[in-house]
Amino acid sequence: MLENKKIVLGVSGSIAAYKSANLTRLLVKSGAEVKIVMTDSAKDFITPLTLSTLSKTLFTQNTGIKLVVNGLTMLKLLLGPI
């Protein structure tokens, strides 16, 4: 169903951030390529290593303001040519 789909999962600093690990695992299991973007505060709830391991990709750190201001640029950089 998600075979060869590219997904960017943004994780922010809230208690629900821990759910991103299970979501990442399920997306990868379904065949999607998952890239993780985390705010600094998200690391208070879940480690970058956990999500990098589950997504099988390198972790990309981003601050919230940069993500908002340069969101399209960041997505293009993460996904590559569209």
Problem set entry | Under 12 Å from the Cα of Lys29 - aspartates and glutamates, other chains or at least 8 residues apart | Glu3
Exercise. Using the Cβ atoms and a cut-off under 13 Å, what net charge is assigned to the surroundings of Leu2, where Lys and Arg are +1 and Asp and Glu are -1?
Worked result: +2
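Quick note: the coordinates plus some simple rules give every number you see, no bench work behind them. Source: prediction; values computed, not measured. Virtual Cβ from ideal backbone geometry, glycine too; neighbours counted across all protein chains shown.
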